[in-house]
Every structure is written in C-alpha cells, then in structure tokens.
Amino acid sequence: MNTLGSFRLDGAHALVTGASRGIGKAVAVALAQAGADLALSARTPAALKETAELVEKEGRTAVLVPGDLTDPGAADTVVDVSAAALGGLDVLVHNAGILPTLPDGSPALVPLQASAQEDWDQVLSVNLNATAALCRRAHRHLAASSRASVVLMSSLAGVVGTPMMEAYAASKAAQISLARSLAVGWAREGIRVNALCPGWTRTDMTAFAYSTGPLSDWLMAHVPMGRWAEPHEVACAALYLASPAASYLTGQALLLDGGASVPDGGLAGIPKPPSPFAA
Ligand SMILES: NC(=O)c1ccc[n+]([C@@H]2O[C@H](COP(=O)([O-])OP(=O)(O)OC[C@H]3O[C@@H](n4cnc5c(N)ncnc54)[C@H](OP(=O)(O)O)[C@@H]3O)[C@@H](O)[C@H]2O)c1
C-alpha cells in the first residue's frame, strides 16, 4: 500500500457545497489536486466559475450546480444534477453554512434572548436542514460507490459553548450528531461519514473579526497556537477525511482548531486581553 497514494482521489466524483469562496473553494481545489472531478454548488454562479477555473487548471472536470439550499427541493436537485453530470457520486462535502446576518449582510451577534425565531430558522435551514436533505438524497448515489465518504463542515462552535452564536453552535453540534448516526447506519454499505470542526478560519464569514484588531487579538488569545487558520489548512483535513487515507475512520468529529478546544488548563500561562464584549 502506497501511503501517499492513499490520499489520492483519482477519478472520484465529488460534490462540494459552498464552493464559491472561503473554505469550500479551498476544499474543491484540494480534491481536484488529488484527482477528483467536481460538482460545485453555491448561490453565486460567477464566483463558482472562478473556482471551476482553478479546478480545471488542475486538469479535472468542474460542473457548476448553482442553487440556494434554503429553497425547497434545492438539495435534491443539486445532488441529482451533480451525480448525473459527473456519472455518480463518491464524495459529498457539505460545507455551505452561515452565521445569522443583519439586512446589510453583517453578522447578527446577539444573545439568544435578544434574537428572533426567524434568525434561528435562517441559520438552521442552511446549516442543518440542508445537511439532512443533501445526505438523504446523496445516499442512493453513495451506496453505489466503492469509496463513499461524506464530510460535514461543522465547527469548533459545535463542541464548545459559544455565546451570541447559539443557533450557529446548535446547528454545528447537530451536524456532529448526524455524522455519528449516519456513520453507524451506513457503515455496512461502505459509506463513511465524518464531521470536520475548524476553529477560527480567515474567510469572508470571519472578516468582521479578523479585521477588527481588539476582537481578533482577544479571540486569538483563546487559541493556543495564537493565530487564525487558513482555508487551505482546513482543506487538507477535508481531503484526508474524504480519501482512502481515512478508510477506517467514520463517525468522528475532527477538531482543527489550533488547540482551542483543549480544556482550559492548557491555556493557563497565556495572558488574555480584556474582552471587547465587556460593558
Ligand atoms: N470561517 C470560520 O472561521 C469557520 C469556522 C468553523 C466552521 N466554518 C464553517 O465552514 C463552512 C464554510 O465557511 P466559510 O468561512 O468558508 O464561509 P463563507 O466564506 O461565508 O462561505 C460560505 C459558503 O456557503 C455558501 N452559501 C451560503 N448560503 C448559502 C445558501 N443559502 N445556499 C447555498 N450556498 C450557500 C456561500 O456561497 P454563496 O454566497 O455564493 O451562496 C459560500 O460559498 C461553513 O459551514 C462554516 O460554518 C467556518
């Protein structure tokens, strides 16, 4: 067995949601570099086209499957169109996800008691309901594959208390739960299912935080490695989970967080600046 070769996905058919930017774009490129052909989904066709060009530069096929995963039936269509265009589905990376947003697009970071039920519903519809819908529909295609793997892009927020992001954190915890249940249920069909839980990663989603000095400094003071993750670092872990290198790994939540989830004892010596949220 060639160890490095087991990280390859030559000829595999992979669907990546949220592939238009950030982590999803990096995952799509990583899977293409490993030899997979890609179906790329998100709401914005122009941005998907940029990702497709990067995939094609690696000599792989990219098909665009635009769609809003909050639309009824969209997940089914995205899966079916992807499988039809690629000739099957071996890998599903459901990466599309959102924070609650204000009308101007900035994140709505308020405690649960100050939030509205609509905010909760908006976040859960993309982060959790679409996860279930995509997995439900993808099962028929994955069951026909001899190297099927599902990677759900969860979050550090799904395993630690995350005030002011309760809906987001609950949706990410639910993704971990779903990964565990599906992993057990689908194991005898040869379908592996894992959750990947990045910590603070530098993307559009977190621009509000990494571009605000005091907030970024305060957040990074809670990360033992003391820095933001880059999307490529998350993509490497997604490739591992998707590839035969992880052939005996299923039902796990892989934390990729610079040590942020290590119990607080590990942080004892790191001085922290005052919270920017202090009154
Ligand atoms: N950045 C972090 O620190 C971090 C940490 C842990 C976990 N994560 C998770 O990693 C994933 C990717 O995050 P990111 O930081 O790369 O975020 P991002 O830059 O905001 O990208 C989000 C992606 O999801 C797509 N998307 C959003 N709403 C959608 C919808 N209704 N239907 C279909 N696609 C939709 C977006 O494309 P369009 O706008 O074109 O639709 C985009 O491709 C998310 O699940 C996030 O929760 C991120």
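The values are calculated or read from the model by the stated rules, or taken from the named source; none is laboratory data. These numbers come from a predicted model, not from an experiment. Here the Cβ positions follow ideal geometry from the backbone for every residue, glycine too, while neighbour counts run over all protein chains shown. These area figures cover heavy atoms from the full protein model, side chains too; ligands, DNA and RNA do not enter into them. Shrake-Rupley method; radii C 1.70, N 1.55, O 1.52, S 1.80 Å.
Take the residues in segment 200-259 that are surrounded by 15 or more Cβ atoms within 10 Å (Cβ to Cβ) and among the β-branched types (V, I, T); name whichever of them is nearest to M153 (Cα to Cα). Once the filter is applied, the top-ranked residue is V234.
Among the numbered conditions (1) buried (at least 18 other Cβ atoms within 10 Å of the Cβ); (2) not in a helix (DSSP H, G or I), the only one that S146 does not meet is (1).
Considered as a group, the residues in segment 149-172 that are closer than 29 Å to S247 by Cβ and not in a strand (DSSP E or B) include one that is nearest to the ligand (Cβ to nearest atom), and that residue is S155.
The set of residues in segment 193-205 being part of a strand (DSSP E or B) and either in contact (Cβ under 8 Å) with a residue 60 or more places away in the chain or over 20 Å from N129 (Cα atoms) (or both) consists of N194, L196, C197, P198, T201.
What about A183, is it open to solvent by less than 60 Å² (accessible area, probe 1.4 Å), among the small types (G, A, S), assigned to a helix (DSSP H, G or I) and more than 26 Å from P100 (Cβ to Cβ)?
Details: open to solvent by less than 60 Å² (accessible area, probe 1.4 Å): yes; among the small types (G, A, S): yes; assigned to a helix (DSSP H, G or I): yes; more than 26 Å from P100 (Cβ to Cβ): yes.
Yes, satisfied.
Go through the residues of segment 35-57 one by one and say whether even a single one is more than 14 Å from the ligand (Cβ to nearest atom), among the polar types (S, T, N, Q) and open to solvent by 20 Å² or more (accessible area, probe 1.4 Å). No, segment 35-57 contains no residue that is more than 14 Å from the ligand (Cβ to nearest atom), among the polar types (S, T, N, Q) and open to solvent by 20 Å² or more (accessible area, probe 1.4 Å). Look at (1) touching a His at 6+ places or on another chain (Cβ under 9 Å); (2) within 15 Å of the ligand (Cβ to nearest atom); (3) over 19 Å from G97 (Cβ atoms) and you find that H13 fails only one, number (2).
Does S20 count as part of a loop (DSSP other than H, G, I, E, B) and among the hydroxyl-bearing types (S, T, Y)? So S20 passes the test.
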